[in-house]
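Notes for the one structure printed next.
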Amino acid sequence: MVSEQEIEDSKTARGSWTRAQLESWGVAWPPRAGWKERLTRGERDFDPVDKPVQPHPGPTLQNVALRDWFAGLAMQACLKHASIVTPEKIAAASYEFADAMMKARETR
């Protein structure tokens with residue numbers, strides 16, 4: 001944890017802090033309002049883009065057939081418009097749309 005005194009003592013001659021200094025404490029650049037309070041409480045303040053990303057345990061696009069991809073997109077549209085109400089009907093309609101997309105690809 002960083003003390004308020006350490007924060008004050010680390011100011012540059014211009015009365016601010018360098019990016020490197022803030023990042024060494026785990027403060028995101030540019031610093032957001034309240035960073036000193038969070039820092040003295042021992043909280044890290046890195047931006048979400050700096051946090052390590054955990055791999056998704058599910059299938060990747062490398063494992064998904066184009067027809068299934070099209071069906072997934074069609075399913076989202078079916079769910080959004082909610083004219084089809086049962087999962088079975090949504091699945092069937094989604095693959096009907098996917099099959100139509102696959103057929104359209106063959107005729108181009």
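The values are calculated or read from the model by the stated rules, or taken from the named source; none is laboratory data. Only a predicted model underlies this, so the values are computations on that prediction, with no experimental measurement involved. For neighbour counting, all protein chains shown are included, and Cβ atoms are generated from backbone atoms with ideal geometry for every residue, glycine included.
Tabulated results
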| quantity | calculated |
| --- | --- |
| Matching residues, the stretch 31-54, being surrounded by 12 or more Cβ atoms within 10 Å (Cβ to Cβ), at pLDDT 75 or above and in a loop (DSSP other than H, G, I, E, B) | Pro31, Glu43 |
| Of all residues in the stretch 58-108 being hydroxyl-bearing (Ser, Thr, Tyr) and under 27 Å from the mean Cα position of the chain (by Cα), the one that is modelled with the lowest pLDDT | Thr60 |
